[in-house]
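Down below is the structure, laid out as structure tokens.
The values are calculated or read from the model by the stated rules, or taken from the named source; none is laboratory data. The shown structure was predicted, so the numbers you read here are calculated from the model rather than taken from an experiment. With ideal geometry, Cβ positions are generated from the backbone for all residues, glycine too; neighbour counts draw on all protein chains shown.
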Amino acid sequence: MDAAHPVDSARNDVVGTPVSAPVFVIGEEEPGDVAAREALLDRAMGQNRKRKSSEKLRRGRLPARGLALVARASDDTLVGTVRLWNVTLGEGGCDALLLGPLAVEPERKGEGIGSALMLEAIARARVLGHAAIVLVGDPEYYARFGFSAEKTGNLVMPGPFEKRRLLALELVPAALDGASGIISASEAIDAGSSRSRIRAAA
């Protein structure tokens, strides 16, 4: 899969070949993006974003390999971000991905950046062989990507959450059949991991 895809926001789709004057480009996050990503998240989600239950599953860990994506404007400014994380659904349950946070520069909302990031993240997760994606978000927004609460009724986040907002998407049919229990982080960073890698996951 290509490292980056130009996106024409007028058509609001990801395309595989260059278009004239792309409004933004989707690609993998780079080490130098950390400060810009964190500033964007603060602007888009507020200073209380790190108190959310999902943060407990991300803290001190790296995103799933190949699944930390950003949207860049034509001047290389970061205008969107999404990351996915390895989790386990219940004790002894199946492996899945936790999606989030998804954020777009407030001044660029309505240009299709969030949708493009979602579609690219789902496509990459499928190609990489992951079975399912879970997230906590508004059903009214994420339903367009196939997410629902149909199979999350017996799953629990490690902290306060709204049941109706715990959503999932199966990438492999029946992957979430019988899923139950507390969602927990998997593949935690080793204690010997370098400080720079830990900063990159913050």
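Checked against the criteria, GLU55 does not count as surrounded by fewer than 16 Cβ atoms within 10 Å (Cβ to Cβ), farther than 26 Å from MET157 by Cβ and under 16 Å from the mean Cα position of the chain (by Cα).
Entry remark, segment 66-91: residues being outside any strand (DSSP E or B), in contact (Cβ under 8 Å) with a residue 40 or more places away in the chain and of a type outside the set (Ser, Thr, Tyr) number 4 in total. All told, GLY110 falls short of being in contact with a strand residue (DSSP E or B) (Cβ under 8 Å, 6 or more places away or on another chain) and not β-branched (Val, Ile, Thr). Take the conditions (1) surrounded by fewer than 18 Cβ atoms within 10 Å (Cβ to Cβ); (2) touching a strand residue (DSSP E or B) at 6+ places or on another chain (Cβ under 6 Å); THR81 misses just one of them, which is (1).
Checking segment 109-123 against the condition returns no match, with no residue being of a type in the set (Lys, Arg) and either outside any loop (DSSP other than H, G, I, E, B) or touching a His at 6+ places or on another chain (Cβ under 8 Å) (or both). Pairs meeting the criteria (first residue in segment 116-128 and within 17 Å of LEU98 (Cβ to Cβ), second residue aromatic (Phe, Trp, Tyr) and part of a helix (DSSP H, G or I), beta carbons under 9 Å, at least 6 apart or on different chains) are MET118/TYR142; MET118/PHE145; ILE122/PHE145.
Take VAL70 and tell me if it is within 14 Å of ARG37 (Cα to Cα) and either buried (at least 19 other Cβ atoms within 10 Å of the Cβ) or more than 12 Å from the chain's Cα centre (by Cα) (or both). Against the criterion (within 14 Å of ARG37 (Cα to Cα) and either buried (at least 19 other Cβ atoms within 10 Å of the Cβ) or more than 12 Å from the chain's Cα centre (by Cα) (or both)), VAL70 qualifies. All of (1) at pLDDT 95 or above; (2) assigned to a helix (DSSP H, G or I); (3) surrounded by fewer than 22 Cβ atoms within 10 Å (Cβ to Cβ) hold for GLY129 with one exception: (2). Pairing residues of segment 44-62 that are over 21 Å from GLU105 (Cα atoms) with residues that are aromatic (Phe, Trp, Tyr), at Cβ distances under 7 Å and at least 6 apart in sequence or on separate chains, gives SER53/PHE161; LEU57/TRP85; ARG58/TRP85; ARG61/TRP85. Could you list, in sequence order, the residues of segment 150-168 that are aliphatic (A, V, I, L, M) and under 24 Å from GLU120 (Cβ atoms)? Across segment 150-168, the qualifying residues are LEU166, LEU167, ALA168. Go through segment 157-185 and give me each residue that's in contact with a Leu (Cβ under 8 Å, 6 or more places away or on another chain), in a loop (DSSP other than H, G, I, E, B) and under 14 Å from PHE147 (Cα atoms). Once the filter is applied, which keeps residues that are in contact with a Leu (Cβ under 8 Å, 6 or more places away or on another chain), in a loop (DSSP other than H, G, I, E, B) and under 14 Å from PHE147 (Cα atoms), segment 157-185 yields only LEU176.
Among the conditions (1) surrounded by 18 or more Cβ atoms within 10 Å (Cβ to Cβ); (2) among the acidic types (Asp, Glu); (3) more than 22 Å from ALA125 (Cβ to Cβ), the only one that GLU38 does not satisfy is (1). Quick one: in segment 21-65, of everything that is assigned to a loop (DSSP other than H, G, I, E, B) and in contact with a strand residue (DSSP E or B) (Cβ under 7 Å, 6 or more places away or on another chain), which residue is modelled with the lowest pLDDT? Selected residue: PRO22. In the set (1) free of Cβ contacts under 8 Å to residues at least 24 places away in the same chain; (2) in a loop (DSSP other than H, G, I, E, B), the condition left unmet by GLU140 is number (2).
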